[in-house]
Amino acid sequence: MSADFAGRTVLVTGAAHGFGRVIAGAFATRGATVFVCDVVEGELAETVAILGDRGHGMVVDVTNRKAVGRWVEEAERYTGRLDVLVNNAGGVLGQIARPVEEVATLEWEGVVAANQTAAFWTSQAVAPAMKRAGAGRIVNVAGSPVLGPDPTGIQAHASAKAGLVGLTRQLAHELGPFGITVNAVAPGLVLSNDAVRSLWEGLGHDAQQDRLSGIALRRLGTPADVAHAVLFLASEQAGWISGAVLPVDGGR
Ligand SMILES: NC(=O)c1ccc[n+]([C@@H]2O[C@H](COP(=O)([O-])OP(=O)(O)OC[C@H]3O[C@@H](n4cnc5c(N)ncnc54)[C@H](O)[C@@H]3O)[C@@H](O)[C@H]2O)c1
């Protein structure tokens, strides 16, 4: 991947670890100034240290519209432009799968807010600058529920990611006339956080082999696999792709 992001301003949410950290690093390595945020302060600081001079971190809860607005304003004030937004924050927020009748209101709302609503707030915040520039890239990190059942078994995660794809398609049409593309990646299982690791370990050897044999490339993905797909959708080369959902799952 040789996409050059020199002079570009890139925002990545949920960058304290996992995909977000690797995505932020991939843009910084290619010359971008990268603004990262997360709710986990310590690990966010580690990400900023990895990014070096090109990294700027802020503790932001992306479900908070005003906080998102302040973060985006800061990036625009500092660099005078907003080129790429990657909506990566989310995941299962430490929850485990439970029967539908046992899920509490706050559990449902928390996962939907972080995985879906937050992408609306961030998109809303970057849209004016991208419209003025007549260019922009928004890449949403969805997930396999778009293509089948959610491996986490968490109803809110499945629903939020499907909703995120709906938002992707809708914003692609709304913002396309302004030169802004909006796409999503749909990663398969990647052992990038404790929740996914314990899910994988809980399967046991035979079920793990079964899962792997259902993947064309016979391996789980890595955060770098996901980052490369995001880089592509954010690149000049993806200029006529919008409203797309790119599976990054080793082939099914
Ligand atoms: N790992 C997988 O197998 C997989 C598969 C498909 C999709 N995904 C999605 O990819 C994204 C990244 O996943 P990951 O595996 O790197 O998980 P992760 O838990 O390592 O990263 C998610 C990050 O989002 C942050 N976050 C959560 N809520 C936030 C909020 N309200 N405000 C700011 N930051 C917040 C977390 O603190 C965390 O750092 C998530 O959206 C997840 O749903 C992951």
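The values are calculated or read from the model by the stated rules, or taken from the named source; none is laboratory data. This is a predicted model, so every value here is computed, not measured. Heads up, the Cβs are rebuilt from the backbone with ideal geometry, glycines too, and the neighbour counts pull from every protein chain shown. Note: accessible area is taken over every heavy atom of the protein model, side chains too, but ligands, DNA and RNA are not part of it. Shrake-Rupley method; radii C 1.70, N 1.55, O 1.52, S 1.80 Å.
Figure the gain on full extension for His173 and Asp210 (residue separation times 0.36 nm, minus the Cα-Cα span) and round it to one decimal in nm.
9.4 nm
Around Val86, which amide H atoms from residues at least 5 apart in sequence, or from another chain, sit under 5 Å from its own amide H, with H modelled in the peptide plane?
It is Leu11, Val12, Thr13, Val139, by chain and number.
Search the structure for amide H atoms under 5 Å from the amide H of Leu246, placed 1.01 Å from N in the peptide plane, and list their residues when 5 or more places away or on another chain.
Result for Leu246 returns Ala184, Val185, Ala186.
With n ≥ 4 as the cut-off for DSSP H runs, can you work out [θ] at 222 nm for the chain, using -39500 (n - 2.57) per run divided by the number of residues, rounded to the nearest 500?
Counting only the DSSP helices, I get -15000 deg cm²/dmol.
Can you pull the accessible area of Ser159 for me, 1.4 Å probe, Å² to the nearest 10?
50 Å²
Send over the per residue convex hull volume for the range 35-169, Cα only, as a whole number of Å³.
Once divided by residue count, the hull of the range 35-169 is 114 Å³.
Measure nothing but the geometry: give the 0 to 90° angle between the long axis through the Cα atoms of 65-79 and the longest principal axis through the Cα atoms of the chain, rounded to 10°.
The answer is roughly 50 degrees.
About its Cα centre, what dipole magnitude does the range 9-246 give when the only charges are +1 on Lys and Arg Cβ and -1 on Asp and Glu Cβ, stated in debye to the nearest 20?
Dipole about the Cα centre, nearest 20: 740 debye.
Rounded to the nearest 10 degrees, what's the angle between the helix 223-234 long axis and the longest principal axis of the chain, both from Cα atoms, 0 to 90?
Once rounded, one gets 40 degrees.
If we count every other residue with Cβ under 13 angstrom of Leu199's Cβ, Lys/Arg +1 and Asp/Glu -1, where does the sum land?
Local net charge: -1.
Leaving out ligands, DNA and RNA, what percent of the accessible area of the range 97-177 is carbon and sulfur, probe 1.4 Å?
Here it works out to 60 percent.
At a threshold of 8 angstrom on Cα-Cα distance, excluding pairs fewer than six apart, so keeping six or more, what relative contact order does the chain reach in percent?
20 percent
Could you give the nm distance between label points at Ser198 and Arg218, where each point is 7 Å from its Cα heading toward the beta carbon?
In this crude spin-label approximation the distance works out to 3.2 nm.
Which angle between 0 and 90 degrees, to the nearest 10, do you get for helix 194-213 versus the longest principal axis of the chain when only C-alpha atoms count?
Helix 194-213 and the main axis of the chain meet at about 60 degrees.
Enumerate the whole-percent occupancy of each 5 Å bin, from 0 to the last occupied one, for all C-alpha pair distances of the range 9-246.
Pairs per bin, as whole percents: 1, 7, 14, 19, 21, 17, 11, 6, 3, 1, 0.
So what is the accessible area of the range 9-246 per residue, in Å², with the probe set to 1.4 Å?
Heavy-atom SASA per residue in the range 9-246 reads 46 Å².
Distance between the C-alpha centers of the range 132-185 and the range 40-82? Whole Å please.
About 21 Å separates the Cα centre of the range 132-185 from the one of the range 40-82.
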